[in-house]
Amino acid sequence: MSTAFYSHSDCRLHDMGPGHPECPQRLDAISDHLLATGLDIALDFKDAPLATLEQLERAHTAGYVMQLKDLLERVRAAGEPKALDPDTLACPGTLNAALRAAGAAVAATDDVVAGRAKTAFCAVRPPGHHATRDETMGFCFFNNVAVAARHALDVHGLQRVAIIDFDVHHGNGTEDIIAGDERVLMCSFFQHPLYPYSGAVPKGTNMINVPVPPYTRGGELRDMLEAMWMPRLEQFKPQLIFVSAGFDAHREDDLGQLGLVESDYEWITRRLVDVAKRHAQGRIVSCLEGGYSLSALARSVAAHLRVLAEVA
Ligand SMILES: [Zn+2]
């Protein structure tokens, strides 16, 4: 069974301007590298559908979904970007990109639950893990992974899903949405202190937060994850694993100061595949979050995908 690879050309049309690190070229770097390495032949390429409002409202308040959609429609009609915070710009292409990003995560979930794919990767933007129930933040509009996790629980009737967040930044939005929802175990590590400066004290007993200091390297991090994530994941027995796959903890990435390399992403992914095979019929849905050094991003996504697709 193959690995689904969801993306859409609309995700390139969200453009926050020259010099913004969360840029359309991130997706080009990933797809170019997949072609150059021949990894593309191991993947089942699919176009991301648009998420529906009903799907978004499983993670966000109805008022937020309606107001953000209205705002993004006005920006599209005006043809001019509008800053929502110092980091996050709504642009004419944002609405469809954001709906495709969440829609990809939902469709990928449908695929793995139906057995059409064993694993799936969503090469989408904007990312999602800083978007809270009712706030855009840190390049994020809709929380793609949280929307998909709730879809798995509420629509497909799964009882336990895990969310793994290995972005260098704390996934405060996902924590805001998921904390206290005991059907979900969220495991993350993140550089601390660093934007958004949260996470040192978890908001719920279903959160395993591992804050790590700047300049932590892969070997030290692996030991921490082995000790803090793995026993809880084994005990929880997730029926599906979601991944907030940010690659900005890479040592070449300037948005953080951690020292991970491709082999660390390979190791993390392999440990997740092990857990998924034992408890989740191998099912993993991974969604791109951060990762801003284009070359390191592409190489790290490839390392992640080689394990997900079981390419030797
Ligand atoms: Zn990040």
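Counting only protein heavy atoms, what percent of the accessible surface of the chain is carbon or sulfur at a 1.4 Å probe? Could you put the intermediate results ahead of the total?
On the way: 5960 of 11490 Å².
Of all accessible area on the chain, carbon and sulfur atoms account for 52 percent.
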Exercise. Output the relative contact order of the chain, whole-number percent, from Cα pairs under 8 angstrom with separation of 6+ residues.
Key: 20
Quiz item: For the charge dipole of the chain, defined by +1 on Lys and Arg C-beta atoms and -1 on Asp and Glu C-beta atoms about the Cα centroid, which residue among Pro202, Ser295, Thr216 has the Cα displaced farthest towards the positive pole?
Solution: Pro202
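Could you count how many Lys pairs in the chain have their Cα atoms under 23 Å apart, skipping same-chain pairs fewer than 8 positions apart? Working shown, then result.
Working: Lys46/Lys118; Lys69/Lys82; Lys118/Lys237; Lys118/Lys277; Lys203/Lys237; Lys237/Lys277.
Summing the qualifying lysine pairs gives 6.
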Practice problem: Just report the Cα centroid separation between segment 274-288 and segment 1-44, whole Å. | Solution: 22
Practice problem: Give, rounded to the nearest 20 debye, the magnitude of the charge dipole that segment 9-146 has about its Cα centre when Lys and Arg contribute +1 at Cβ and Asp and Glu contribute -1 at Cβ. | Solution: 140
Quiz prompt | ³J(HN,Hα) computed for each position of segment 293-303 - Karplus, 6.51 cos²θ - 1.76 cosθ + 1.60, integer Hz, glycine/proline x | solution = 7, 4, 5, 5, 4, 4, 5, 6, 4, 4, 4
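Using packing as a proxy for protection, rank 294-306, 15-27, 74-86 so that the peptide with the highest average count of other Cβ atoms within 10 Å comes first.
Working: 294-306: 22.0, 15-27: 15.8, 74-86: 12.6.
Packing proxy ranking, top to bottom: 294-306, 15-27, 74-86.
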Quiz prompt | Normalised contact order of segment 95-245, rounded percent, pairs of Cα under 8 Å and 6 or more residues apart | solution = 21
Quiz item: Going by a 4.7 Å Cβ-Cβ cut-off, which cysteines of the chain have no partner at all?
Solution: Cys11, Cys23, Cys91, Cys140, Cys187
Exercise. Tally the DSSP beta bridges in the chain and give the antiparallel ones as a percent, rounded to 5.
Key: 10
Quiz item: Each label point is 7 Å from the Cα along the Cα-to-Cβ direction; what then is the distance between the points at Ala312 and Asp274, in nm?
Solution: 2.1
Exercise. Show the residues, 5+ positions off or on another chain, whose built amide H is closer than 5 Å to the amide H of Ile164.
Key: Cys187, Phe242, Val243, Ser244
Quiz prompt | Cα-based shape type of segment 164-312, given that a ≥ b ≥ c are square roots of the gyration tensor eigenvalues and the cut on a/c is 1.5 | solution = oblate
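Would you mind working out the magnitude of the charge dipole of the chain relative to its Cα centre, with +1 at each Lys and Arg C-beta and -1 at each Asp and Glu C-beta, to the nearest 20 Debye? Before the final figure, lay out the partial values.
Values: 29 positive and 40 negative charges, 152 e Å.
Around 740 debye, computed over the chain.
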Quiz item: Is the chain best put as rounded, prolate or oblate by its Cα gyration tensor, with a ≥ b ≥ c the root eigenvalues, rounded for a/c under 1.5, and otherwise prolate when a/b is larger than b/c, oblate when not?
Solution: rounded
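Rounded to the nearest 0.05, what FRET efficiency do Asp28 and Gln257 give with R0 = 30 Å and r taken as the Cβ-Cβ distance? Could you check? Intermediate results must be reported in sequence, preceding the final value.
On the way: r = 26 Å, r/R0 = 0.87.
The formula returns an efficiency of 0.70 here.
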Quiz item: For a label point 7 angstrom out from the Cα of Arg76 toward its Cβ, which stretches of segment 86-124 have the backbone nitrogen within less than 13 Å?
Solution: 91-101
Quiz item: Using alpha carbon centroids, what distance separates segment 120-147 and segment 162-212, in Å?
Solution: 14
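Just want to confirm a number: the relative contact order over segment 97-180, from Cα pairs under 8 angstrom separated by 6+ residues, in percent.
On the way: 117 pairs, mean separation 25.4, N = 84.
Result for segment 97-180 is 30 percent.
The values are calculated or read from the model by the stated rules, or taken from the named source; none is laboratory data. Because the structure is a prediction, the values reported are computed rather than measured. Quick reminder, even Gly has a Cβ in these numbers, built from the backbone with ideal geometry, and neighbours come from all protein chains shown. These area figures cover heavy atoms from the full protein model, side chains too; ligands, DNA and RNA do not enter into them. Shrake-Rupley method; radii C 1.70, N 1.55, O 1.52, S 1.80 Å.
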